[in-house]
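Single-structure report; data block below.
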Amino acid sequence: MNQTERLYRIDQLIHQRSVVPFDDLLTDLEISRATLERDIAYMRDRLNAPIVFDRDRGGYCFAPSQFGPQYGLPGLWFSDREILALLTMQRMLVDLDTGGLLGPHIQPLVARLKALMGTASDSADEIMKRVRVLPAHNRPVAPNCFEVVGHALVSRRRLEFTYFTRSRNARGPREVSPQRLVHYRNAWYLDAWCHRSDALKVFALDAVGDARLVERRVRDVSLAEVDRELGSGYGIYRGRRLAWATLHFSADAARWVRAEIWHPQQRTRELDDGRFELCVPYGATPELEMDILRHGEHVEVVAPESLRRSVAERLARASATYR
């Protein structure tokens, strides 16, 4: 831990606990008494930190605010607008971070950002209350699973877990080398090298159970190779062997669809009669079929014929079910 990290940690501990004994700081920072004394002196003399030792309470604390030089830690020089933007991003992250992987680690930063806002702190609180993300069809992940998977990912260690394969309605053991976490359509996925199938695979984290670290050498795959193997998209757009779907939307639906990005490489054009053409690559049809069907009579599958038949069969089955 370098000096800047220690200064932020001291600041964080005092803000969180109000009063922190000297020995507690030593234990947490794992440094010598002399180093801790130098760090506190540096914060007081160079950064204008109002740190005092309260003998009655038995530890270091921040003195009540007084007029004088402004206290600020190095590296966080943001304008009020920049801080508000970061707080807005944090609000969105909290709502998306259903597994709790990132939230606890950025909370100290949020506290510092709000402190740096000064007189604009009311605006910061208002941002936190009034910015919301409402995930639809969310598939939450157990916090302990997210923690184990996240730790394996950043520490480059293997994972063992039980995986529920929904398409086969079966559970089985897997051993993987994690490569990347992906958040796609309100669900978390793990791109990993599967040692059972000896290939790159995608695992839905909400289908992972009993995850644990394995002390075996991880197999590292370059992210470029992961992209090549799994494709530049995700879900219906994943894979090397992609087909192209051509969809025509009515003039009414076009007002919404022309603003949507279905795939980074999609192609679009306005048709003479006011309709809108969207061409997208895809690797699997079920999810694409459901996306198409949500537009009802406002979309026509022009090509390929196999996708057109699949959508028509779904419509026929749905019609037969509700007769």
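The values are calculated or read from the model by the stated rules, or taken from the named source; none is laboratory data. Since this is a predicted model, take the numbers as computed values, not measurements. Virtual Cβ from ideal backbone geometry, glycine too; neighbours counted across all protein chains shown.
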Q. Within the range 285-323, how many residues are under 35 Å from the mean Cα position of the chain (by Cα), over 15 Å from Phe249 (Cα atoms) and of a type in the set (Gly, Ala, Ser)?
A. 1
Q: Could you check, for the range 196-206, whether at least one of its residues is touching a Phe, Trp or Tyr at 6+ places or on another chain (Cβ under 7 Å), aliphatic (A, V, I, L, M) and touching a residue at least 60 places away in the same chain (Cβ under 8 Å)?
A: yes
(Q) If I ask for residues that are touching a residue at least 24 places away in the same chain (Cβ under 8 Å) and over 12 Å from Val20 (Cα atoms), which ones from the range 49-58 would you list? (A) Ala49
Q: Would you check which residues across the range 269-323 are assigned to a strand (DSSP E or B), of a type outside the set (A, V, I, L, M) and surrounded by 14 or more Cβ atoms within 10 Å (Cβ to Cβ) and list them?
A: Phe276, Glu277, Cys279, Pro281, Tyr282, Glu300
Q | the range 179-191, subset more than 10 Å from the chain's Cα centre (by Cα) and modelled with pLDDT of 85 or more, residue farthest from Arg157 (Cα to Cα) | A | Tyr189
Q: Please state which of the following conditions Asn48 fails to meet, knowing it meets all the rest: (1) at pLDDT 90 or above; (2) more than 34 Å from the chain's Cα centre (by Cα).
A: (1)
Q) How many of the residues in the range 165-209 are out of contact with any Pro (no Cβ under 7 Å at 6 or more places or on another chain) and part of a strand (DSSP E or B)? A) 30
Q. Only one residue in Ala303, Ala224, Ala251 is on the phi < 0 side of the Ramachandran plot and at pLDDT below 90, so which one is that?
A. Ala224
Q | Pick from the range 192-234, criterion within 14 Å of Thr162 (Cβ to Cβ) and among the hydrophobic types (A, V, I, L, M, F, W, C), ranking: farthest from the chain's Cα centre (by Cα) | A | Val214
Q: From the list Ala254, Ala245, pick out the single residue that is more than 27 Å from the chain's Cα centre (by Cα), surrounded by 12 or more Cβ atoms within 10 Å (Cβ to Cβ) and closer than 29 Å to Arg228 by Cβ.
A: Ala245
